[in-house]
Structures are given as structure tokens and as C-alpha cells.
1. Within the stretch 37-61, how many residues turn out to be among the small types (Gly, Ala, Ser) and touching a Pro at 6+ places or on another chain (Cβ under 6 Å)?
2. Looking at the stretch 62-91 only, could you name the residues that are out of contact with any Pro (no Cβ under 8 Å at 6 or more places or on another chain), surrounded by 15 or more Cβ atoms within 10 Å (Cβ to Cβ), over 18 Å from Ser24 (Cα atoms) and free of Cβ contacts under 8 Å to residues at least 60 places away in the same chain?
Amino acid sequence: MSSARPGMPRGPVREINLRLILVSGKTKEFLFSPSDSAGDIAQTVFDNWPEDWAEEAVAKAEILRLIYQGRFLHSNVTLGALGLPFGKTTVMHLVPRENLPEPNSQDQRQKSKGGGSSCCSASCCIL
């Protein structure tokens, strides 16, 4: 029998497997703890940059950004806070970017939702 405490996952199951994808399409899997933040992950990947990613190497860890479910993760967000499953592979994109994009503003959302109706209605004419 195992010496693990009841209700506690055993062995590597307590880690989260991340498959990171670069813009080039190259992938690599890494294991992380639920307490690791996006900033910790960027630093770990930078410190252990895979040889086959040499062409995409960056100058510093601070410009590496993670994208999960279409959203950039701020450096202080932990994997545990995202509710990622133990023992399963989660896919994230890893991109070099100096700054995070601004959160969507109200007018940006309106442009994307109803852009066609207000864009040209008063000034376009088809002959």
C-alpha cells in the first residue's frame, strides 16, 4: 500500500503537465507545481530553453508571455488559480512580448460586435 495521505494525489500526479507551443509551432512539455505562477514558468523555461528552440531564443525571461484559452496570463497568476487538472496535459502558447495588451475596453467590444452597422451607414453609397 501507499504511504500517501488519504485524499492527496501521489507522485507526479501532483504536478501539472504544460505543453508549451511557440509561434513557430514547436512544442515542449514541462512539469510544474500548482503554486507556480506564469512568471515562474517563464523563468523556468528561459533557464531551461530547449535546444531545438534555439532559433526562437529570447534575451530575457521577462518578455515571455503565456496565453491560455485565448488570454494573456499576468505574471502573478498561478496554475492552481486557473484550476488546471493534475496528471493531464494542458496546452498554452508561449510568445515573446514586451507588454501585455490592454484589457478590452467598452468601445473596443462595441466595434467588434456592431462594427458594420455604425461604420458606414451615413457615408457609404453604392451606385
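Bear in mind that the values in this text are calculations on the coordinates, not laboratory data. This is a predicted model, so every value here is computed, not measured. Using ideal geometry, Cβ is built from the backbone for each residue, glycine included, and neighbour counts are taken over all protein chains shown.
1. Keep residues of the stretch 37-61 that are among the small types (Gly, Ala, Ser), which gives 37-39, 42, 54, 57, 59, 61.
Subsequent filtering for residues that are touching a Pro at 6+ places or on another chain (Cβ under 6 Å) retains none.
Residues flagged as among the small types (Gly, Ala, Ser) and touching a Pro at 6+ places or on another chain (Cβ under 6 Å) within the stretch 37-61 amount to 0.
2. Correct list: Leu73, Ser75, Val77, Leu82.
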